[in-house]
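I have placed the structure first, in the form of structure tokens, so that the comments after it can refer back to it.
No value in this document is a laboratory result; all are computed from the given coordinates. If you're wondering where the values come from, they're calculated on a predicted model, not measured in any experiment. Cβ sites come from the backbone with ideal geometry, for glycine too, and all protein chains shown count toward neighbours.
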Amino acid sequence: MSKRLDPRNWASWKPFGIGERKPNNYLELWKAFRSVKGNRRYAWRILTKGTCDGCALGTRGMRDWTMDEIHLCNIRLRLLKLNTMPAMDPAVLADAAAAARLSSAQLRDLGRLPYPMLRRRGEPGFTRIGWDEALDLAAERLRGARLGTYLTSRGVPNENYFAAQKAVRALGTNSVDNAARICHSPSTVALKQTIGAAATTCSYTDWIGSDLIVFIGSNPSNNQPVAMKYLYHAKKSGTRIVMLNAYREPGMDRYWVPSNAESALFGTKITDHFFPVNIGGDIGFLNGVLKHLVERDLVDKKFIDEHTAGFEDVRASVAEQSWEELEALSGATREQMAELAEMLGAARSAVLVWSMGITQHTYGERNVRAIVNLALARGFVGRDNCGLMPIRGHSGVQGGAEMGAYATGLPGGLPITPANASRFSEAWGFEVPDQPGLTATDMIDAAHAGELDVLISSGGNFLEVLPDPRYCREALSRLKMRVHIDIVPSSQMLADCDGDVLLLPAQTRYEMEGGVTETSTERRVIFSPEVPGPRVGEAWPEWKIFTELAARTRPELADLIRYPGGTAQIRREIEEAVPFYQGIAALKEFGDNVQYGGRHLCAEGRFPTPDGLGRFTVVDPPALQRPDGSFMVATRRGKQFNSMIHERRDGFNGATRDAVLISPYDADRLGLADGTEVELSGAAGRFTGRVLRAPLTPGNLQIHWPEGNVLLDVTRRSPAARIPDYNAVVTLRRTAP
């Protein structure tokens, strides 16, 4: 990596970007320092000796495996408070109605949940109880109940996921799901079908020195900030950055990397080529690029012939798709599609990166297959500086599905079939159900219909992460019992219920005896040791909570479910259950890690499919119909981590949480000045916000998530992955003259 200054990549000649609109990373350091007052030594040990529980880049302390520089970001700094805060006063929850008037941020700021607490049906709030009483009560209600279990990716380590899914299956159901369902489940489905592996095929080191990196519906400047340092070094090595998106993200245009002297002082130009597309129009653009690659003879014929199947069907399909159809769907011109095709055709290497702008659609699986088609057409898989990367936003999400905490998959990502269920039944000593369970969204439907009795939610907040909060609240209220396992209180816990509500306090990953592991985006399984420091009340590790619930519900299976050897025993069992996690059992010290599959999956074009070939897939463009005068609106992330909002204003674009981002063309056409109050109306609901002009493709709007969930239709989900559609067709009107 070059250390020479390169003014060609500078974003500004103003020192430290003074006067420019951008986040103040040094202010973030000061805020983090203030937020951990009284626990600063513990916070420092977490930073230097723990594996980050923020996004899924993966760390060993403040270092990583991509470059020998400091690895620290605003997301991690903001999470320090959660990981070090003292216990809350349980008396605050004695009046649930009063507590429910607090915002989610105010609830978190109350402090850690210190003890098990119970709110019986009809009682005004929660009272403290002991662990034995809590577990015995839950076990009594679980016997014979229709159960759904959801685990969020919020710092949840592999050990918790594995033990939880095993415990739930011991209770007789596969209805256990995790946050991967609502972010990258379409990637899991499509990648498994096309290349045989549901994970990124490359490593972050492959970014640096690649000819091209193409971001499609992905914004790492907000969601994976340390990745911007990788892009800084990629730019210095000559890599060109391309972005396909409805919105030209300011943070992807210019970024000041705070821990690098050159970038901190002058900033870095990130995106070299931006291609605007309609929300939901990605297939139109990607198929148009592939059509150009075929027509201009820019495909890698040798790779296609030797390592793939299905190309001729795809060639015929895109030939039949008219340019007019592809242009109308994408909102881009065929000349713009040709520009990217020429760049891909000239590139010797490229990495294709995508995120929820691709997956969170009713046809998210098709979006991913269209990306895979491009990579296979150019042979950008299985070699240096090439790859397919569904970049992850949370440290627990890659491992969650691989551990089997998935309603449609067993450990190792195996599909739920009679044969696979029989295999795990034999290994574990109890019968594993052989039919898929309820996904996260299906659980809410079942609860709403009175077809689910008990919900166990480990972290997460359905009221904030799923479409139509009113519908979700009604569903939660109709359960016979809810069990919430978390480190802090949330609004979901305070929702009314037809039965009892139980709160069980969990430990953070840094508090767990024996240490734990996480799996990063690049498939690196990383050990995070227990970090010495203060402990909160009677909090338990989640793996112990789940196994004890199952053991008390089915005492005849107790010895098969409990882990007296702690997390080390769980890791040994993971290694037996998931062959590609070979080496996890040996991880026991700070910095220990193993990257399953090595630097590249599908190395040298050998795919883990039955015949060893990667598969092209015919991808038909979706039939998007937007009535005249309407807009397509997408939900976006601001200054937040998951649904935890850190600031009311986004430092990149100045948008407040009620902003309605709209193109200058549409704003001028409708006579809307910045700050004008408008109402968006759709099939599911209404949203009131204020206009903010932004570099958006005309005909498209963006609003913040989760505030914008009121516009989302709960019935709109992708067919295989069952991911909700986080987009909607709306009309816009000024609320006042």
Fraction of antiparallel bridges per DSSP, the chain only, in percent to nearest 5: 45 percent
Relative contact order of the stretch 244-386, defined on C-alpha pairs under 8 angstrom at six or more residues apart (%): 28 percent
Selected from 193, 247, 409, residue furthest toward positive end of dipole (the chain; charges at beta carbon): 247
Label-to-label distance, nm, for residues given as residue 105 and residue 668 (7 Å Cα→Cβ offset): 3.5 nm
Unit charges on C-beta of K, R, D, E only; dipole of the stretch 7-84, Debye: 380 debye
Modelled FRET efficiency - R0 30 Å, residue 306 with residue 423, Cβ distances, 0.05 increments: 0.35
Förster radius 45 Å - calculated FRET efficiency between residue 98 and residue 333, Cβ distance, rounded to 0.05: 0.20
Within the stretch 631-734: Cβ-based charge dipole about Cα centre, in debye rounded to nearest 20 (Lys, Arg +1; Asp, Glu -1): 180 debye
The chain: Cα Rg divided by the 2.2 N^0.38 Å rule of thumb: 0.92
DSSP-assigned coil residues among GluC sites (Glu not before Pro) in the stretch 461-529, each with at most 14 further Cβ atoms within 10 Å: 513
Using alpha-carbon coordinates, inclination of helix 25-35 to the longest axis of the chain, degrees: 10 degrees
Computed helical MRE - 222 nm, the chain, DSSP H runs ≥ 4 contributing -39500 (n - 2.57), nearest 500: -9500 deg cm²/dmol
Student exercise, the stretch 463-508 dipole from Lys, Arg, Asp, Glu Cβ charges, in Debye to nearest 20: 80 debye
Those residues of the stretch 118-147 whose amide nitrogen sits under 20 Å from the label point placed on residue 91, 7 Å along Cα→Cβ: 118-119, 124-130
Proximal lysine pairs, the stretch 7-84, alpha carbons under 27 Å, eight or more residues apart or interchain: 10
Theoretical gain in end-to-end length, residue 628 to residue 4 [0.36 nm per residue, Cα-Cα removed]: 219.3 nm
Gain on full stretching of the segment that runs from residue 63 to residue 733 - 0.36 nm per residue minus C-alpha separation: 236.2 nm
Under 28 Å from residue 302, Cα to Cα: lysines that are on another chain or at least 8 residues apart: 192, 291
Average Cα contact separation per residue, the chain, under 8 Å, 6 or more apart, as relative contact order %: 21 percent
Order of 528, 457, 643, 630 under a 10 Å beta carbon neighbour criterion, fewest first: 630, 643, 457, 528
Cleavage-rule hits (trypsin sites (Lys or Arg not before Pro)) in the stretch 106-168: DSSP loop, at most 12 neighbouring Cβ within 10 angstrom: 121, 143
Crossing angle, helix 334-346 versus the chain [Cα axis fit, 0-90 degrees, rounded to tens]: 80 degrees
Exposure proxy order (Cβ contacts within 10 Å, fewest to most) of 313, 68, 713: 68, 313, 713
Alpha-carbon Debye profile of the stretch 7-84, log10 I(q)/I(0) at 0.17 Å⁻¹: -0.76
For a label point 7 Å along the Cα-to-beta-carbon line of residue 272, residues of the stretch 5-36 with backbone N under 14 Å: 8-10
For 42, 406, order by how many other beta-carbon atoms lie within 10 Å, fewest first: 42, 406
Gain on full stretching of the segment that runs from residue 679 to residue 13 - 0.36 nm per residue minus C-alpha separation: 235.7 nm
Trypsin sites (Lys or Arg not before Pro) restricted to the stretch 232-317 and DSSP loop, no more than 13 other C-beta within 10 Å: 296
Overall dimensions of the stretch 631-734 as given by Cα atoms, namely Rg and Dmax in Å: 13.5, 42
Inter-label distance, nm, simple model (7 Å from Cα along the C-beta direction), residue 538/residue 470: 4.0 nm
